[in-house]
Structure formats: C-alpha cells, structure tokens
C-alpha cells in the first residue's frame, strides 16, 4: 500500500545492539537541531547538555524503547521513542526524527501510525507528545493524525502538549 504513512520499502523495528551508530547519528542530529531552533546553537555534540550527551554516548534514550525507520536502500532514516509515564495507561512519544533528505515521504506519519498501533496492542489507551510551538509542520501532522490539546505535563515555555486515544 502506498500513500501517506505507507512508505514503500520502509519498515519499523525496535533498535538493537547493532544499531548504536545509526542511533547516535540520529540522536545527535535531533538534539543539535533542537538546540539551534531553541536559539542555543552548539557546533558539536560535545557541547550539548549532559543528559543529551549521555543519551548519545549510550546509543539509546534515557527511558523508553527506541524504534528505527529502516529503508531497504538507505538504511536507518528515522527514529522515535516510546517512553512510559507515571500513568500506566499513557505512553509518551519522544525524539521523533526523520533525516532531512528523507522528509516528504510520509515517514513521520508512518512512525506515528506505528507508535499508535504498538500502544493499542500493549493496552496503552493514550499516546501523548510535546512539540515546540515553532514546529508548525509537525504540529499540523500531529493534528491530522488525531492528536488534540492535552493537559500540560512539562512546564517549559513554548511546548505544546498533545495526546490521542490509541483504540
């Protein structure tokens, strides 16, 4: 099947021990881009906040399960994290990243559909996420995918908190 959220030749799987290099590359790009967009640009990963450096060094997120979007031709082209929350009926989507050269192929939607499916299969009724207010394209995608305003859990100014039912 083709179309948004159905990228031919791309599959999603949980990252494993052999994926550390790809995970480090994408987490580095994600964090450097986010810091630049926040107005705190750094020129390399060594200057990122310590929590981000630790995540990159480990090749995995501080919490949660990391999933890779794998293209048959290009290898790892995206990632996202599903993290637990204090409310066991809710999971949080974090670190959604698609390599810039791969954007426009519906990979973000593919990742979101995969996350919603995994949550539903696990009996997790709600998927939440936060996104910086200036990421208007991402916010539009999330809203198209059924995410609506969610009570905030993160007090940082500029974050938009969204959630949706998974069933």
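The values are calculated or read from the model by the stated rules, or taken from the named source; none is laboratory data. Since the structure is predicted, the reported quantities are computational estimates derived from the model, not experimental observations. Every residue, glycine among them, receives a Cβ derived from its backbone with ideal geometry; neighbour counts consider all protein chains shown.
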Problem set entry | Residue under evaluation residue 150, criteria (1) modelled with pLDDT of 95 or more; (2) more than 17 Å from residue 95 (Cβ to Cβ); (3) surrounded by 12 or more Cβ atoms within 10 Å (Cβ to Cβ); (4) touching a strand residue (DSSP E or B) at 6+ places or on another chain (Cβ under 7 Å), criterion not met | (1)
Problem set entry | Test: residue in region 130-141 that is within 12 Å of the chain's Cα centre (by Cα), part of a strand (DSSP E or B) and crowded, with 16+ Cβ neighbours inside 10 Å | yes
For this session: For region 145-163, indicate whether the set of residues that are in a strand (DSSP E or B), farther than 20 Å from residue 37 by Cβ and under 16 Å from the mean Cα position of the chain (by Cα) is non-empty.
Result: yes
For this session: Can you tell me which residue within region 77-88, out of those that are assigned to a strand (DSSP E or B) and farther than 22 Å from residue 137 by Cα, is modelled with the lowest pLDDT?
Result: 84
Exercise. Looking at residue 91, is it buried (at least 19 other Cβ atoms within 10 Å of the Cβ), at pLDDT below 90 and not in a helix (DSSP H, G or I)?
Worked result: no
Problem set entry | residue 114 at pLDDT 95 or above and either out of contact with any strand residue (DSSP E or B) (no Cβ under 6 Å at 6 or more places or on another chain) or in a helix (DSSP H, G or I) (or both) | yes
Exercise. When the residues of region 101-119 are filtered to those that are in contact with a helix residue (DSSP H, G or I) (Cβ under 9 Å, 6 or more places away or on another chain) and in contact (Cβ under 8 Å) with a residue 40 or more places away in the chain, which remaining residue is surrounded by the fewest Cβ atoms within 10 Å (Cβ to Cβ)?
Worked result: 109
Exercise. Looking only at region 153-167, which residues are out of contact with any strand residue (DSSP E or B) (no Cβ under 7 Å at 6 or more places or on another chain) and more than 15 Å from residue 127 (Cβ to Cβ)?
Worked result: 155, 156, 157
Problem set entry | Residue tally, condition buried (at least 17 other Cβ atoms within 10 Å of the Cβ), outside any helix (DSSP H, G or I) and either in contact with a strand residue (DSSP E or B) (Cβ under 6 Å, 6 or more places away or on another chain) or at negative phi (or both), over region 13-71 | 11
